[in-house]
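Participant: Okay, handing you the structure first.
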Amino acid sequence: MKIIEIKNLHKIYNGSSVSVHAVNGIDMSIEEGEFTAIVGPSGSGKTTLLNIIGGLDDATEGSVEIEGVKINELSSRKLTDFRMKNIGFVFQAYNLIPVLTAKENVEFIMHLQGSKKADRDARTSELLKAVGLGEMMDRRPSKLSGGQQQRVAVARALASKPKFVLADEPTANLDSHSTENLLDIMEQLNKEEKITFIFSTHDQRVVNKARRVITIEDGKIISDIRK
Amino acid sequence: MKTNIKLAWRNLWRNKRRTIIAISSIVFSVLLASWMRSMQEGSYDSMIDNSVKFYTGYLQVQDTAYWDERTLDNSFKVDAELQNQIKNIKDVSLVSNRLESFSLAADHMKSKPAMVMGIEPEAEDQITNLSKKMQSGEFIKSGDKEVVISGGLAKYLELEVGDTLVMISQGYHGISASGLFPIKGIIKHPNAEFNKRLVYMDIETAREFYSAYGLSTSLVVMTDDHYSVNHIKKEIEQILPEKNTVMTWTEMTPELVQIIQSDRGGGIIMLGILYLVIAFGMFSVVIMMVKERQREFGVTHAVGMQKRKLASLVFIETLFIGLIGCAVGLIFSYFFCLYFFYNPIPLTGDMAKATEIYGMEPYMFVSMKASLFYNQIIVVFLISIFIAIFPITNVSRLKITKAMRA
């Protein structure tokens with residue numbers, strides 16, 4: 001079942017002297033439960049594509065439909081709400097809230113959703129255990145390693161039970177051990193809980209784990225391989 | 001909301017040094033503003049106390065013709081019932097009869113025009129503590145035929161306690177008035193002008209001297225709080241007979257009111273400048289707070305926090321800084337000013353002389369009027385609300401992708 005459908009997507013950045021066609025007529029779809037890596041050289045348009053899919057950036061032309069909802073037609077407020085309920089984000093620089101503990105960072109989105117305390121506690125505990133941080137719930141990000149922070153970020157991304165998770169270069173700042181660890185966790189969540197993951201990455205280890213690899217260059221898809 | 005408050009509180013302390021500096025600047029500003037206003041109002045209170053308490057009183061009931069032509073012929077008979085009714089008005093602390101006139105005061109060699117105050121000694125002493133200002137001898141009591149004269153007059157006439165003061169004047173309806181009065185005490189009057197020419201005597205002795213039996217030139221009404229003068233005036237007006245009028249100290253000493261108003265205006269301009277400094281200090285902290293957290297704002301908005309909630313978070317942080325600064329500032333200011341309220345700073349040299357010439361005691365007094373303190377809090381609080389507009393605007397214009405690159 002398709003959860004994301006992208007049609008004729010364009011994104012043009014108009015600079016003072018030159019215009020950059022970051023995304024140039026992309027058509028693609030993502031099926032539920034896929035473990036997809038979007039690869040390509042720097043400046044190929046991977047992050048821009050991910051940002052548009054996640055409703056973080058506007059497309060210049062074309063549409064992104066998530067389970068039948070055209071997100072580029074939503075108002076800013078509805079789009080924020082839509083992101084909160086349907087999309088999980090994992091960022092390259094972890095981007096946890098520094099003043100909150102691991103547990104509170106994971107809980108944060110559930111707070112925004114208005115979940116009950118008992119539900120929040122149960123879900124947070126379950127997720128942090130799933131990413132191997134059950135013993136470090138009360139630590140703030142500054143007391144966690146890069147790999148541990150990124151695992152908290154994965155738990156946070158899953159807290160709202162999203163339809164899919166967008167991970168922008170999630171392993172770029174991690175050492176090999178942490179990368180392996182993180183990928184194993186995400187692969188496990190994908191297989192066991194049928195969570196759809198879409199990565200943008202340079203990292204060959206991520207590409208090796210992915211079951212679908214989309215290669216982009218100059219804003220266009222040049223290959224789309226299902227393993 | 002609870003989450004926002006918790007987040008805001010923690011955010012405040014993620015950069016402790018910056019927050020402490022911001023709060024300290026507000027504390028210092030509130031302290032400075034309160035101290036400045038407190039000293040200013042304290043000096044006015046002192047001016048009012050000296051000029052008003054020792055001369056006009058806060059309010060005076062007079063014959064309608066007296067203020068324009070201050071002679072004994074425009075004195076009036078005080079109705080005991082009226083006096084009682086005035087006494088019972090809220091905030092009135094004391095009502096006292098006075099008979100004021102002039103006389104030529106002399107000893108065997110010299111003479112000098114003197115101002116004669118026929119007073120109710122015990123009542124007057126409650127208001128002015130004149131008995132504590134005695135240079136030598138004692139203060140008069142009711143029924144005394146003796147007088148108390150001011151230090152300057154005693155010095156000029158070379159008189160001492162126990163000597164006799166000769167007084168010649170014109171009494172009620174032109175009757176000649178003359179008398180010999182033993183000097184019971186010499187007073188150092190705080191008002192330098194009055195110190196040169198004042199004679200206090202019991203009102204009954206004065207009435208007898210001026211043949212103004214049963215008459216008073218004014219009924220002085222005192223209050224402990226000069227801010228309640230207007231309401232007292234209104235209530236007195238309702239019970240006064242037609243031949244009488246009531247005047248407040250501001251009507252009797254308009255020049256004093258003018259001095260206070262112009263000085264207060266200058267003080268308020270200075271205060272405005274101080275508030276500007278506070279505002280810029282707070283603003284710079286808020287700009288830093290907002291600019292260094294653009295990425296964080298981007299992420300929290302990306303994961304689903306509405307801009308409205310994000311703005312309220314930063315708004316709460318700004319309010320926290322303002323509120324903590326104000327609360328600590330209030331405590332510091334209160335105790336700081338309280339110390340100087342009980343220990344006024346003595347003036348020395350030319351400053352002291354100038355103050356004495358204007359009839360004031362040579363001290364820098366402070367006022368502990370509550371509004372002086374809470375007004376600063378209100379203003380600083382309003383400034384923090386005004387400053388909070390900046391982060392709100394910043395958040396409302398937030399572009400996630402741009403913020404996350406910051």
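The values are calculated or read from the model by the stated rules, or taken from the named source; none is laboratory data. Since the structure is predicted, the reported quantities are computational estimates derived from the model, not experimental observations. Positions of Cβ are backbone-derived with ideal geometry, glycine not excepted, and every protein chain shown enters the neighbour counts.
Participant: Filter the helices (runs of 4 or more DSSP H) completely within the stretch B:324-406 down to those with at least 3 residues that are touching a helix residue (DSSP H, G or I) at 6+ places or on another chain (Cβ under 6 Å) and crowded, with 18+ Cβ neighbours inside 10 Å.
Facilitator: In the stretch B:324-406, the matching helices (runs of 4 or more DSSP H) lie at B:370-387, B:389-396, B:400-405.
Participant: Filter the stretch B:30-81 for residues that are within 13 Å of the chain's Cα centre (by Cα) and among the basic types (K, R); which is modelled with the lowest pLDDT?
Facilitator: This residue is B:K53.
Participant: Mind listing whichever residues of the stretch A:90-101 are β-branched (V, I, T), more than 9 Å from every other protein chain (Cβ to nearest Cβ) and in contact with a helix residue (DSSP H, G or I) (Cβ under 7 Å, 6 or more places away or on another chain)?
Facilitator: Once the filter is applied, which keeps residues that are β-branched (V, I, T), more than 9 Å from every other protein chain (Cβ to nearest Cβ) and in contact with a helix residue (DSSP H, G or I) (Cβ under 7 Å, 6 or more places away or on another chain), the stretch A:90-101 yields only A:V90.
Participant: Where in the stretch B:1-97 are there helices (runs of 4 or more DSSP H), lying fully within it, with 1 or more residues that are closer than 30 Å to B:E255 by Cα?
Facilitator: Those helices (runs of 4 or more DSSP H) span B:16-48, B:80-87.
A quick yes/no check of all residues on (1) surrounded by fewer than 19 Cβ atoms within 10 Å (Cβ to Cβ); (2) at positive phi; (3) more than 14 Å from chain A (Cβ to nearest Cβ):
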residue	(1), (2), (3)
B:P254	yes, no, yes
B:G265	yes, no, yes
B:G272	yes, no, yes
B:V286	no, no, yes
B:G298	no, no, no
B:A302	no, no, no
B:R308	yes, no, no
B:F315	no, no, yes
B:T318	no, no, yes
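Participant: Now a separate question. Which members of the stretch B:137-148 meet the condition of being touching a Gly at 6+ places or on another chain (Cβ under 8 Å) and assigned to a strand (DSSP E or B)?
Facilitator: Of everything in the stretch B:137-148, those that are touching a Gly at 6+ places or on another chain (Cβ under 8 Å) and assigned to a strand (DSSP E or B) turn out to be B:G137, B:V148.
Participant: Does the stretch A:77-84 contain any residue that is part of a loop (DSSP other than H, G, I, E, B) and either within 12 Å of chain B (Cβ to nearest Cβ) or touching a residue at least 24 places away in the same chain (Cβ under 8 Å) (or both)?
Facilitator: No: the stretch A:77-84 contains no residue that is part of a loop (DSSP other than H, G, I, E, B) and either within 12 Å of chain B (Cβ to nearest Cβ) or touching a residue at least 24 places away in the same chain (Cβ under 8 Å) (or both).
Participant: OK, next. Condition test on A:M110, is it away from every other protein chain (no Cβ under 12 Å) and surrounded by fewer than 22 Cβ atoms within 10 Å (Cβ to Cβ)?
Facilitator: no
Participant: Being away from chain A (no Cβ under 14 Å), within 19 Å of B:S34 (Cα to Cα) and within 31 Å of the chain's Cα centre (by Cα), is that true of even one residue in the stretch B:344-353?
Facilitator: Yes.
Participant: Separate question: Just a yes or no: is a residue in the stretch A:168-189 under 12 Å from the mean Cα position of the chain (by Cα), modelled with pLDDT of 90 or more and within 13 Å of chain B (Cβ to nearest Cβ)?
Facilitator: Yes.
Participant: How do the pairs read when you match residues in the stretch B:1-15 that are facing another protein chain (nearest Cβ under 9 Å) and touching a residue at least 40 places away in the same chain (Cβ under 8 Å) with residues anywhere that are part of a loop (DSSP other than H, G, I, E, B) and buried (at least 18 other Cβ atoms within 10 Å of the Cβ), using Cβ under 6 Å and keeping only pairs 6 or more apart or on different chains?
Facilitator: B:N11/A:V99
Participant: Please determine, by comparing only the residues of the stretch B:154-210 that are more than 30 Å from B:A352 (Cα to Cα) and among the β-branched types (V, I, T), which one is modelled with the lowest pLDDT.
Facilitator: Result: B:I175.
Participant: Restricting to the stretch B:243-290, what's the tally of residues that are farther than 26 Å from B:I232 by Cβ and either in contact (Cβ under 8 Å) with a residue 12 or more places away in the chain or touching a Phe, Trp or Tyr at 6+ places or on another chain (Cβ under 9 Å) (or both)?
Facilitator: Count: 17.
Participant: Taking interchain pairs and intrachain pairs at least six residues apart, which have beta carbon atoms under 7 angstrom, with the first residue in the stretch A:134-159 and at positive phi and the second buried (at least 24 other Cβ atoms within 10 Å of the Cβ)?
Facilitator: none
Participant: Moving on to the next point. Mind listing whichever residues of the stretch A:182-206 are surrounded by fewer than 17 Cβ atoms within 10 Å (Cβ to Cβ) and out of contact with any helix residue (DSSP H, G or I) (no Cβ under 7 Å at 6 or more places or on another chain)?
Facilitator: Across the stretch A:182-206, the qualifying residues are A:D184, A:Q188, A:K191, A:E192, A:E193, A:K194, A:H202, A:Q204.
Participant: Quick one: what pairs do we get from the stretch B:167-194, first residue over 23 Å from B:L72 (Cβ atoms) and without any contact (Cβ under 8 Å) to a residue 60 or more places away in the chain, second among the polar types (S, T, N, Q) and surrounded by 20 or more Cβ atoms within 10 Å (Cβ to Cβ), C-beta under 7 Å, 6+ apart or different chains?
Facilitator: B:I187/B:S150; B:K188/B:N195
Participant: Have a look at A:E126, A:E73, A:E104, A:E67 and point out the one that is in contact with a Lys or Arg (Cβ under 9 Å, 6 or more places away or on another chain), more than 11 Å from chain B (Cβ to nearest Cβ) and of a type outside the set (F, W, Y).
Facilitator: None of the others qualify; the one that does is A:E67.
Participant: Could you tell me how many of the residues in the stretch B:156-176 are outside any strand (DSSP E or B) and touching a strand residue (DSSP E or B) at 6+ places or on another chain (Cβ under 9 Å)?
Facilitator: 9
Participant: Also, quick follow-up: Can you tell me which residue among B:S96, B:S111 is crowded, with 19+ Cβ neighbours inside 10 Å and of a type in the set (S, T, N, Q)?
Facilitator: B:S96
Participant: Please tell me if B:G179 is within 23 Å of B:K145 (Cβ to Cβ), under 37 Å from the mean Cα position of the chain (by Cα), assigned to a strand (DSSP E or B) and not β-branched (V, I, T).
Facilitator: So B:G179 does not fit the description; no.
Participant: For the stretch B:241-294, how many residues are more than 30 Å from B:A403 (Cβ to Cβ) and either in a helix (DSSP H, G or I) or not charged (D, E, K, R) (or both)?
Facilitator: 35
Participant: Just to be sure I understand, how many residues within the stretch B:274-284 are buried (at least 22 other Cβ atoms within 10 Å of the Cβ) and within 19 Å of B:N11 (Cα to Cα)?
Facilitator: Total satisfying the criteria: 1.
Participant: Right, next: What residue, among those in the stretch B:182-217 that are in a helix (DSSP H, G or I) and more than 30 Å from the chain's Cα centre (by Cα), is surrounded by the most Cβ atoms within 10 Å (Cβ to Cβ)?
Facilitator: Selected residue: B:A206.
Participant: Only one of these conditions is not met by A:G219: (1) farther than 29 Å from A:T60 by Cβ; (2) in contact with a Gly (Cβ under 6 Å, 6 or more places away or on another chain). Which number is it?
Facilitator: For A:G219, the failing item is (1).
Participant: Right, another one. Being touching a helix residue (DSSP H, G or I) at 6+ places or on another chain (Cβ under 9 Å) and closer than 15 Å to B:S169 by Cα is the filter here, so list the residues in the stretch B:102-130 that pass it.
Facilitator: B:S103, B:A105, B:A106, B:D107, B:S111, B:K112, B:A114, B:M115, B:V116, B:M117, B:G118
Participant: Looking at B:I175, B:I140, which one is β-branched (V, I, T) and surrounded by fewer than 19 Cβ atoms within 10 Å (Cβ to Cβ)?
Facilitator: B:I175
Participant: What's the number of the condition B:Y66 fails, among (1) in the same structural domain as B:L240 (by TED's automatic domain parsing); (2) within 30 Å of A:E107 (Cα to Cα); (3) among the hydroxyl-bearing types (S, T, Y)?
Facilitator: (2)
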